[in-house]
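Just below is one structure, and these are the notes that go with it.
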Amino acid sequence: MEMPYQLEVLWCRTFQSVLKIGNYFMGYRMPKYLEGPGKIRELGAFLKKKGINDVLVVTGSGMVRRGQVQPMLDGFERSGIRYTLQTFDTTDPTSDDVELGYKTYKENGCKSIVAIGGGSRIDCAKGIAAKAVHPRKTVAQLQGLLKVHWPIPPFVAIPTTAGAGSETTVAAVITDSATHRKAAINDPFLIPKYAVLDPELTVGLPPFTTATTGMDALAHAVEAYTNKTYNTKLENRLAKEAVKLIHDNILKAFEDGSDLEARQNMQRGAFYAGRAFTRGCVGYVHAIGHTLGGLYGVAHGLAMAVLLPHVMREFGASAHKRLAELADVCGIGGANEAEKANAFIRWIEETNKKMGLPDKFDVVQDKDIDQMITWAKKEANPLYPVPVIWVRKDFRRLIESIRK
Ligand SMILES: [Fe+2]
């Protein structure tokens, strides 16, 4: 039985007001970051200065094979940093990966962790860091909210895509090897101490990945900014800067992957957007997007690209003021708030089109829609402070609107 609409709204908004107060005690911080082409070569000297010596490097075996990690390791050797390499092949990190990584960490006397790779590698390394402070707990026991509650070893995150923002977030999504359940460890102690934004690492990304990960970052910023309640001035500022950086650079990075300035700006945009949604939260774009990923394997960024304009339009007048402010930041004009908001949504659609991304999906099956609604609603209500609270019929309308 679904709650009547007014009761659902009251429940969600009350929950959000209480959590807003709780958020002031959560210890959100922003990682310090090194930024610039070739910065990974200087990480060794930087860590040495900070007194960090024994490092576990967590990365993907493909990255090592392609020689992408070597410049950093050479820098470690120049600076006399001892390191142990732990590589993984899995796309999504599992609890077995975390256990293996922790064993390597312990057996080699490591005292800090450097994760270099996409969101999955960084999440896996965060899992290892959580184990380092709770060696007797299983990954399943650490999953959930605020289970780490203790400072992790010095942690450096080096993203090789510009999208997920894992280098700034509280979360590590790990799949349990026994049950196949995918769940997050969420704790502000998992926010990395340092991040390195080196655009040379993203130069080899194929255009499709550049497009979809970039749209994921945009979805983080737009959802965080249009959300109510949790943001402080910092999240609002970071979300606006992220939107401007992505607006000005996504097509440049898509069209010329070797444009280091555009790559750098996209990385910074993704980083700011990641920090904005860490406190400000995401919304229905993510909640529905996760169901498309779970049921049909739709890539996260692709789901975000398609859903973002549909969901923002569905919010209607409630989101106009905030979207108009984002339009202003990007120099997108209009006679009033509604016009500006709609022009901003159209810009997202046009950018998708220019990058060859679809505006709808043909994968959604009739038989799955009820399940999608249940999952999306469960993820989002009451946690996400979206501009308009939806009940089942609203989710259904939106899902129908993205079907081909
Ligand atoms: Fe995302």
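Things worth noting here:
- Relative to the current alpha-carbon distance between LYS106 and ARG29, full extension at 0.36 nm per residue lengthens the span by 25.0 nm.
- Partners for LYS377 among lysines (Cα-Cα distance below 19 Å; same-chain residues under 8 apart left out): LYS182, LYS228, LYS367, LYS393
- Set of lysines with alpha-carbon distance to LYS48 below 20 Å, sequence-local pairs under 8 removed: LYS32, LYS39, LYS111, LYS193
- In terms of other Cβ atoms within 10 Å, CYS124, CYS330 run from fewest to most in the order CYS330, CYS124.
- With 0.36 nm allotted per residue and the present C-alpha distance subtracted, the ASP256-LYS20 stretch has 80.8 nm of extension available.
- Inter-label distance for ARG237 and ALA140, nm, one decimal - labels placed 7 Å from Cα along Cα-to-Cβ: 4.5
- With the simple spin-label model, which puts each label point 7 Å out from Cα in the Cβ direction, the ALA183 to ARG13 separation comes to 3.2 nm.
- Rounded Å value of the spacing that divides the Cα centres of region 276-325 and region 179-244: 13
- Region 1-30: chymotrypsin sites (Phe, Trp or Tyr not before Pro) in DSSP coil with no more than 11 other Cβ atoms inside 10 Å: TYR24, PHE25
- Note on GLU77 and ARG396: the extension gain reaches 109.2 nm, defined as 0.36 nm multiplied by sequence separation minus the Cα-Cα distance.
- Between ARG66 and GLU99, the FRET efficiency from the beta-carbon distance, with R0 = 25 Å, is close to 0.40.
- VAL363-THR84 FRET efficiency (beta carbon distance; Förster radius 35 Å; 0.05 resolution): 0.25
- Reachable aspartates and glutamates, given that their alpha-carbon falls under 15 Å from the alpha-carbon of LYS244 and they are not under 8 places away in the same chain: ASP216, GLU223, GLU235, GLU261, GLU325, ASP328
- DSSP-defined beta bridges in region 32-202 - what % are antiparallel, rounded to 5: 15
- The residues neighbouring ARG29, those whose beta-carbon lies less than 10 Å from its own, together hold a net charge of +3 under the Lys/Arg +1, Asp/Glu -1 convention.
- DSSP-defined beta bridges in the chain - what % are antiparallel, rounded to 5: 15
The numbers here are math on the coordinates, done by the rules we state, and not lab data. Just so you know, these numbers come straight off a predicted model, no measurement behind them. No Cβ is skipped: glycine too gets one built from the backbone with ideal geometry, and neighbour counts run over all protein chains shown.
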